[in-house]
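Worksheet: the structure to be examined is printed underneath.
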Amino acid sequence: MIKVFTFNVYALLDPGASLSFVTHYVAMNFNTLPKQLLNPFSVSIPVGDSILAERAYRDCTISVNNNDTMPCLVKLDIVDV
């Protein structure tokens, strides 16, 4: 289990990824609003479609095994399954 801000979440981790993403379902618990990206970009999703990433949460405290990091989480407007 991973903690984002003060919320426990289940997550798929890819240690080789250059970006970190968050869905609306998880982000709706944050007490902060995402910032507009200067350069929105397209993200391919598992069903074969692409969506535009336009916003990100900056300086999110994420804890994994009591080790904290503060990445930028790019918001993806997809439905969790």
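Using θ = phi - 60° in the Karplus curve 6.51 cos²θ - 1.76 cosθ + 1.60, the 3J(HN,Hα) couplings for the range 39-44 round to 10, x, 9, 8, 10, 7 Hz; x is entered for Gly and Pro. Under 15 Å from a label point set 7 Å out along the Cα-to-Cβ vector of E54, the amide N atoms of the range 9-40 belong to 24, 34-40.
In a fully extended conformation the segment linking F5 and I45 would gain 11.9 nm over its present Cα-Cα distance, using 0.36 nm per residue. When only the Cβ of Lys, Arg, Asp and Glu is charged (+1, +1, -1, -1), the dipole of the range 34-81 relative to its Cα centre reaches about 160 debye. Per-residue packing, averaged as other Cβ atoms within 10 Å, sorts the ranges 16-25, 32-41, 67-76 into the order 67-76, 16-25, 32-41, beginning with the highest. In order along the range 5-12, the Karplus-derived 3J(HN,Hα) couplings, from 6.51 cos²θ - 1.76 cosθ + 1.60 at θ = phi - 60°, round to 6, 10, 10, 7, 9, 8, 8, 9 Hz, and Gly and Pro are given as x. Ignoring everything except DSSP H segments at least 4 long, calculate the 222 nm mean residue ellipticity for the chain; use -39,500 (n - 2.57) per segment, divide by total residues, nearest 500. Estimated from H runs of four or more residues: -500 deg cm²/dmol.
The modelled label-to-label distance for the pair L19/N31, using points 7 Å beyond Cα in the direction of Cβ, is 2.9 nm.
FYI, it's all coordinate maths here, none of it is from the lab. Values in this document were obtained by computation on a predicted structure and should not be read as measured data. A quick note on method: Cβ atoms are made from the backbone with ideal geometry, for glycine too, and the neighbour counts reach across all protein chains shown.
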